[in-house]
């Protein structure tokens, strides 16, 4: 039993890697080779697809836009969530439970429902086609998520910490920034990771709220696929490059992944 | 924790969150409700229509069909991903270098933009030049996901399993790691079988994380849009047109704002209702 | 029921143990007699739990053999050893009722239903669990849960031994005493070997007929409570047992005589013994506080502290930067500041590198 135990995770990981391998494989092929023959690895290894992406601003700007709104969103979401999560974890106040539940219901709202109203809303306030529109729109689901995760971490910190600090003469803002935030850095890391993740992978809203100037890389890809015919190699290379930020982030938080999920509380 | 103190000033601390989320949720939702009750022929002229659009949507075959496809899809992926995810988590190593390797490799699909997931599977499954499509065809299967509904469904489901099973694995793995060694040792002393250990120790301790896993997978698969849209475009025909794809077609493609808004509200309510019923049902014995 | 012997057992949690510190258990050679009530005593991290897990089969020793009635069971898994074990923190099967929890170990072994019923009722009665038999186990308090854990250990009638790993840590003090006497009573009734791990000497001495003291991966002494008290073979035993513990003082050799700061001890030491003292790194003298008294002459000390416990006084004195404690019976006088102390005849022993040296020069 224990001898064949490794088999299932191994098969699963191979299954996960196959499409990724195929994407990388294609990204190193020329369009001719892709369409001409079926080859398991590139016969004429080429970096042309990547060269195109790194030299053409309409491509690499897509990356910069995506990174920009993802970072802005993560920072904003965590910053506003911190005091709110503290309030939920420490105090009772009028309507606290209903408020918490209402926040979570926003995680259940299909982005498709919000696409059109968002276009109108962000056009009306003049933010349409800016990274700010996407960063703010993604707060719809990321802020509730960050509040939820941080509340979990904060409830794990004993209340005595707060009380001791007040007795020692700390004011609330000084206590919060000097003592409390440093004790929950792991929680902030996990919350930021999840905000990054959900903002980075979402496309429906990101695409709807941008047209030219702030278009995310993922949307650039979709456009290429339809407008310039089947430039599969280029598409594959662009796709392969979108794996990198995710891979880097995972590597940094690899020791926290299990812990972050372990918060399993609703 | 019953030791929380009553402090109405805490409202000031949650105010930024409330404003930000309300801005994003309440105003658009009002717009949707507004549209759902009115008819427009352009030029921002609206007529009050009452519940007409709701009746129309609730009686439309198109909505029934999309809802049916959506429910079937969600049910199938839940039936595959939850048991598979738990099985993989159970078989994963508990210590050593294998742990970070598994966690990192398994998390990878979760951080790929959703349309890239669609595009990746699109090229992977192409009958002539994709690894999966070519292999299946040379094995004698007549596989073409752009033409045959069954193939389109199978590919969409395989893609979702590929994309999301890791979430279940990570949740279940975290739940399993939280079980103290004492429990396994006591079970061995008590002479419990492997099945008993799973049934009486691991499964009860996984209940909370599995509830979350099922809820998240239910919600997200019920809202699925980008991946099947890029992979199959909702086709062949309408066979993989799920609720979100249908909704976007109606709202942004045909600009049928009234019915689209009514459908949005029904859609949102269905998700809320199912989540709420499921959650209260599974948690009824919790303190 | 069986006699359990550990023969040259060593255990390390590392894959490739090298130096001494890598071993959690350093060469244990020990026999647990059938039907004994044992306490396994020692401070945290001394290898007590490792020892228990080796006996129950949760761990397989790195080296050495474990025998049940002379039969080698070293490679047998826990399931095959027929040992019951209760852990420090309560383990209950949440989804089961209390009754199902207690029946679980019997059911897994295919015991007949009426027999299960009988045993479960008996054990529930013993632990005052009858009222909650049909309640869900997860709703109980920590006390209640630990009682279930105890019950699952006690419910099996045919076990080779029952092992308790600090089972009363989470229990309320007043219940602790009650449960401990229950265990003792049960031992007399069923007669199974019981091994009770604790770091609390009161707990150990009230439960056990035989006490095994562990220190730093070694079994330093095994014997009756009285033996351990009167004749500690290792300074750790002297320290650990008794309240306050044995005084351990630096020893010196003066003209071939064993002395403490020039005050010679009674008793003759053979040439061999003197030779060993000369060759040892650490030469100490152990004296129980009970074996020291104030006198008109002897070792001059300064009295620094007096604790009155009611039946006696514990006096802390100082000589040459060295604390020496002694027990003075109630009613006897204690000098105000300066005084002299003497060791009772035969009351002091010599320890070389922490181990007792007997007069002939051998280690006992």
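The values are calculated or read from the model by the stated rules, or taken from the named source; none is laboratory data. Predicted model only: the values in this text are computed from it and were never measured. Backbone-built Cβ (ideal geometry, glycine too); neighbour counts: all protein chains shown.
Observations on the structure shown:
- Selection from region C:287-320 of residues that are surrounded by 19 or more Cβ atoms within 10 Å (Cβ to Cβ) and without any contact (Cβ under 8 Å) to a residue 40 or more places away in the chain: C:315, C:317
Each row is one residue, and each column tells you yes or no for (1) at pLDDT 90 or above; (2) surrounded by fewer than 17 Cβ atoms within 10 Å (Cβ to Cβ); (3) away from every other protein chain (no Cβ under 13 Å).
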{"site": "B:31", "(1), (2), (3)": "no, no, no"}
{"site": "B:35", "(1), (2), (3)": "no, no, no"}
{"site": "B:47", "(1), (2), (3)": "no, yes, yes"}
{"site": "B:50", "(1), (2), (3)": "no, yes, yes"}
{"site": "B:55", "(1), (2), (3)": "no, yes, yes"}
{"site": "B:63", "(1), (2), (3)": "no, no, yes"}
{"site": "B:68", "(1), (2), (3)": "yes, yes, yes"}
{"site": "B:83", "(1), (2), (3)": "yes, yes, no"}
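- Residue that is surrounded by the most Cβ atoms within 10 Å (Cβ to Cβ) [pool: residues in region B:184-196 that are within 12 Å of chain A (Cβ to nearest Cβ) and not in a loop (DSSP other than H, G, I, E, B)]: B:194
- Qualifying residue in region C:92-101 (condition: away from chain B (no Cβ under 14 Å) and under 28 Å from residue C:2 (Cβ atoms)): no
- Residue in region C:104-116 that is modelled with pLDDT of 85 or more, out of contact with any strand residue (DSSP E or B) (no Cβ under 7 Å at 6 or more places or on another chain) and within 24 Å of residue C:176 (Cα to Cα) present: no
- Counting only helices (runs of 4 or more DSSP H) that sit wholly inside region C:130-229, those with at least 3 residues that are without any contact (Cβ under 8 Å) to a residue 12 or more places away in the chain and more than 14 Å from residue C:86 (Cβ to Cβ) are C:173-190.
- Filtering A:136, A:94, A:103 for residues that are outside any helix (DSSP H, G or I) and facing another protein chain (nearest Cβ under 9 Å) leaves a single hit, A:94.
- Qualifying positions in region B:170-183 - away from chain A (no Cβ under 13 Å) and assigned to a helix (DSSP H, G or I): B:181, B:182, B:183
- Residue satisfying condition, being assigned to a helix (DSSP H, G or I) and touching a residue at least 60 places away in the same chain (Cβ under 8 Å), within set B:201, B:214, B:224: B:214
- Single residue of region B:128-156 satisfying the filter (touching a helix residue (DSSP H, G or I) at 6+ places or on another chain (Cβ under 6 Å) and touching a residue at least 40 places away in the same chain (Cβ under 8 Å)) that is farthest from residue B:109 (Cα to Cα): B:145
- Here residue A:59 meets the list (1) part of a helix (DSSP H, G or I); (2) over 30 Å from residue A:135 (Cβ atoms) almost entirely, failing just condition (2).
- Among residues of region C:52-77, those that are within 13 Å of chain B (Cβ to nearest Cβ) and buried (at least 17 other Cβ atoms within 10 Å of the Cβ), counted: 8
- So residue B:275, is it within 9 Å of chain A (Cβ to nearest Cβ) and within 23 Å of the chain's Cα centre (by Cα): yes
- Every pair of residues 6+ apart whose Cβ atoms lie under 6 Å, when the first sits in region B:248-259 and is within 11 Å of chain A (Cβ to nearest Cβ) while the second is surrounded by fewer than 22 Cβ atoms within 10 Å (Cβ to Cβ): B:250/B:256
- Enumeration of residues in region C:5-33 that are in contact with a strand residue (DSSP E or B) (Cβ under 6 Å, 6 or more places away or on another chain) and under 17 Å from residue C:208 (Cα atoms): C:30, C:31, C:32
- Filter result (assigned to a helix (DSSP H, G or I) and over 28 Å from residue A:101 (Cα atoms)) within region A:164-181: A:164, A:165, A:166, A:167, A:174, A:175, A:178, A:179
- Qualifying residue in region B:96-108 (condition: on the phi > 0 side of the Ramachandran plot and more than 7 Å from every other protein chain (Cβ to nearest Cβ)): yes
- Qualifying residue in region A:37-60 (condition: under 30 Å from residue A:152 (Cβ atoms), surrounded by 15 or more Cβ atoms within 10 Å (Cβ to Cβ) and in contact with a helix residue (DSSP H, G or I) (Cβ under 8 Å, 6 or more places away or on another chain)): no
- Where residue C:129 falls short, out of the listed (1) within 31 Å of the chain's Cα centre (by Cα); (2) modelled with pLDDT of 90 or more; (3) away from chain B (no Cβ under 13 Å): (2)
- Residues in region C:37-51 that are outside any helix (DSSP H, G or I) and either over 22 Å from residue C:190 (Cα atoms) or within 14 Å of chain B (Cβ to nearest Cβ) (or both): C:41, C:42, C:43, C:44, C:45, C:46, C:47.
- Looking only at region B:109-127, and only at residues there that are in contact (Cβ under 8 Å) with a residue 12 or more places away in the chain and either in contact with a strand residue (DSSP E or B) (Cβ under 6 Å, 6 or more places away or on another chain) or more than 7 Å from chain A (Cβ to nearest Cβ) (or both), the one that is nearest to residue A:247 (Cα to Cα): B:117
- For region B:198-225, the candidate set comprises residues that are more than 24 Å from the chain's Cα centre (by Cα) and crowded, with 19+ Cβ neighbours inside 10 Å; within that set, the residue that is farthest from the other protein chains (Cβ to nearest Cβ) is B:202.
- When C:161, C:84, C:103, C:80 are screened for being within 24 Å of the chain's Cα centre (by Cα) and under 15 Å from residue B:192 (Cβ atoms), only C:84 passes.
- Restricting region A:11-30 to residues that are facing another protein chain (nearest Cβ under 9 Å), more than 11 Å from residue B:120 (Cα to Cα) and surrounded by 14 or more Cβ atoms within 10 Å (Cβ to Cβ), the residue that is modelled with the lowest pLDDT: A:25
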